[in-house]
Amino acid sequence: EIVLTQSPTTMAASPGEKVTLTCRASSSVSYMHWYQQRSGTSPKLWIYETSKLASGVPNRFSGSGSGTSYSLTINSMETEDAATYYCQQGSSYPLTFGSGTKLEIK
Amino acid sequence: EVQLVESGGGLVQPGRSLKLSCAASGFTFSNYYMAWVRQAPKKGLEWVATISTSGSRTYYPDSVKGRFTISRDNAKSSLYLQMNSLKSEDTATYYCARLGHNNGFAYWGQGTLVTVSS
């Protein structure tokens, strides 16, 4: 099973600040997907195949990485970006998620 | 517009069974792999099951293998999850999801809560 470790677990950012969330895999994966989950709502696909933005996702978001190290970056933090972000690998079964990074607005 | 609507959740005693349903609309259901993902209260996401377009192939993590069965009815655009021998650790909100590129979960339903307790 591929274990995904996200860091930090929780963080707070000020409006306009650049934010980087990381996800490390215990074995190499081909792609990483990212989800945004706001409080009390269903998760939404946010970034797929490492760097492709899902429909409607603002272009201040970006994704990058390869092998065992991946990241999600917000170029300039906005209030609406406060949420929990999960990474997920689809390269091998069982499909696994990271434990999430809770991003708060400062 | 893609819509996934789960139903069938509720309170069930340990050791009993429950069947969840997911009604899909807004896309050609038979063209897509489908899945169930769950989230225990205040916890993270856990993949539960995947089924191929025809239903001939299914995939499960060890935590539910042998107890849960995923199935589909393409004529009714519906996905199901039969859950047997339920345990307290199965308590979670269960989401129906449509799979997309490279096993990403492209669309999610609103979820249905399953509580396993005596």
Given B:40-50, A:41-51, the highest-first ranking by average Cβ count within 10 Å works out to A:41-51, B:40-50
The rounded separation in angstrom of the Cα centers of the range B:71-118 and the range B:5-39 is 4 Å
Output field shielding_mean for A:40-49 (other chain Cβ, 10 Å radius) holds 5
Sequence order, the range B:26-35: Karplus ³J(HN,Hα) from phi using 6.51 cos²θ - 1.76 cosθ + 1.60, θ = phi - 60°, Hz rounded, Gly and Pro as x, gives x, 7, 7, 3, 5, 8, 10, 5, 10, 8
The size of the Cβ-based charge dipole (Lys, Arg +1; Asp, Glu -1) of chain B about the Cα centre, to the nearest 20 debye, is 200 debye
Descending packing, highest mean Cβ count within 10 Å first, for B:10-19, B:73-82 is B:73-82, B:10-19
Within the under-11-Å Cβ sphere about A:Leu95, not counting A:Leu95, Lys/Arg +1 and Asp/Glu -1 give a net charge of -2
Counting only backbone N atoms under 16 Å from a point 7 Å out along Cα-to-Cβ of B:Gln3, the residues of the range B:99-118 in range are B:108-111
Dividing the mean separation of Cα pairs under 8 Å (6+ apart) by the residue count of chain B yields a relative contact order in percent of 35 percent
Other residues with Cβ under 11 Å from the Cβ of B:Phe29 give, with Lys and Arg +1 and Asp and Glu -1, a net charge of +2
Under the 7 Å Cα-to-Cβ spin-label approximation, A:Ser39 and B:Thr28 lie apart by a distance in nanometres of 4.3 nm
Amide H proximity to B:Gly111 below 5 Å, modelled H, separation 5+ or other chain, gives B:Glu6, B:Cys96
Karplus ³J(HN,Hα) for the range B:3-10 (6.51 cos²θ - 1.76 cosθ + 1.60, θ = phi - 60°; Hz, whole; x = Gly/Pro) runs 10, 10, 10, 8, 7, x, x, x
Checked against a 19 Å limit on the C-alpha separation, the offending pairs among A:Lys106/B:Lys42; A:Lys44/B:Lys19; B:Lys19/B:Lys87; B:Lys19/B:Lys76; A:Lys44/B:Lys42; A:Lys18/B:Lys43 are A:Lys106/B:Lys42; A:Lys44/B:Lys19; A:Lys18/B:Lys43
To the nearest 20 debye, the protein assembly as shown has a Cα-centred charge dipole, built from +1 on Lys and Arg Cβ and -1 on Asp and Glu Cβ, of 320 debye
The farthest towards the positive end of the charge dipole of the range B:15-108, of the residues B:Met34, B:Thr50, B:Gln82, given +1 on Cβ of Lys and Arg and -1 on Cβ of Asp and Glu, is B:Gln82
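Coordinate-derived values only; no laboratory data. Keep in mind that this is a model prediction, so the values were computed, not measured. Here the Cβ is made from the backbone with ideal geometry for all residues, glycine too, and neighbour counts use every protein chain on show.
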